[in-house]
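Here the structure is laid out as structure tokens; the discussion comes afterwards.
What follows draws every value from the coordinates through simple rules; no lab data is involved. The model shown is predicted, which means the values in this text are computed figures rather than measured ones. For neighbour counting, all protein chains shown are included, and Cβ atoms are generated from backbone atoms with ideal geometry for every residue, glycine included.
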């Protein structure tokens, strides 16, 4: 799938479906907040949400007084939805980009990705992601990455995905990242089905 195809796909999703009509919708991103806190989150830290879309994580972080927030997504429509909910959206940096082709203009303390990475099904795209992650994350910074678990769905939004456990994800990220935390998670979709996820936290060393 080309960059253009990926962007067109997600723009179509977010312009034709409501916020609660997608499987990944969460009213409260409690697990992400918990894992970010365990990764050392403080109000002064810089954090970027990769594939954030219309996620309510940015709302929760802004409400908690997070000073340096950034959100990246392929879909301008998705980011527009998130912006419309925030009173001070100008305090957030918004990037409309494919993460594999993005050039960060700063380093971050924390990187959060809930189910973006597993859509990258080629080694070329996976390694491009790792290179961007490495350049965007500070030394000692941490990345919280959620993917479908080995017993999770094989597709999402009509697209094939790659399923991971902590060890296989570690192999892709390489020796510059050290696993510090991992856990399984069952996500309930808005229509009541359950999707099995794997969340892992890595430190850049």
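Given the options 86, 57, 35, which has the most mean-square fluctuation in a GNM of the chain, springs set between C-alpha atoms less than 10 angstrom apart?
Of 86, 57, 35, the most mobile in the Gaussian network model is 86.
Once R0 is set to 35 Å, what does the formula 1/(1 + (r/R0)^6) return for the Cβ-Cβ distance between residue 122 and residue 38, expressed as a FRET efficiency to the nearest 0.05?
After rounding, the FRET efficiency stands at 0.65.
List 184, 114, 37 from most exposed to least, where exposure is judged by having the fewest other Cβ atoms within 10 Å.
37, 184, 114
Do me a favour and compute the ellipsoid semi-axes for the range 59-127 from its Cα gyration tensor, root of five times each eigenvalue, largest one first, whole Å.
Here the semi-axes work out to 24, 14, 11 Å.
Rounded to the nearest whole Å³, what is the per residue volume of the convex hull around the Cα atoms of the range 2-116?
Looking at the range 2-116, the number lands at 100 Å³ per residue.
Round to the nearest 0.05 the FRET efficiency obtained for residue 179 and residue 83 when R0 = 45 Å and r is the Cβ-Cβ distance.
So, using R0 = 45 Å, E works out to roughly 0.85.
State the label only: which of (i) -0.47, -0.53, -0.83, -1.10; (ii) -0.35, -0.43, -0.82, -1.21; (iii) -0.30, -0.37, -0.78, -1.24 corresponds to log10 I(q)/I(0) by the Debye sum over Cα atoms at q = 0.09, 0.10, 0.14, 0.17 Å⁻¹ computed from the shown model?
(iii)
Just to be sure I understand: with springs between alpha-carbon atoms less than 10 Å apart, which residue in 60, 39, 136 has the highest mean-square fluctuation in the Gaussian network model of the chain?
Taking springs between Cα atoms under 10 Å, the residue moving most is 60.
If you find the alpha carbon centre of the range 125-184 and of the range 22-47, how far apart are they in angstrom?
Result: 16 Å between the Cα centres.
Would you compute, for the Cα atoms of the range 114-189, the largest minus smallest coordinate along each principal axis and list the three values in descending order, in whole Å?
35, 26, 19
Hey, with R₀ at 35 Å, roughly what FRET efficiency would residue 1 and residue 27 work out to, going by the Cβ-Cβ distance, to 0.05?
Result of the calculation: an efficiency of 0.70.
Out of every Cα pair in the range 115-158, what percent are spaced more than 13 Å from each other?
63 percent
Where does each of 205, 145, 48, 161 land when they are ranked from fewest to most other beta-carbon atoms within 10 angstrom?
The most exposed by this proxy come first: 205, 161, 48, 145.
Just rank 187, 112, 118, fewest to most, by other beta-carbon atoms within 10 angstrom.
187, 118, 112
Of the DSSP beta bridges with both residues in the chain, give the percent that are antiparallel, rounding to the nearest 5.
In the chain, approximately 50 percent of DSSP beta bridges are antiparallel ones.
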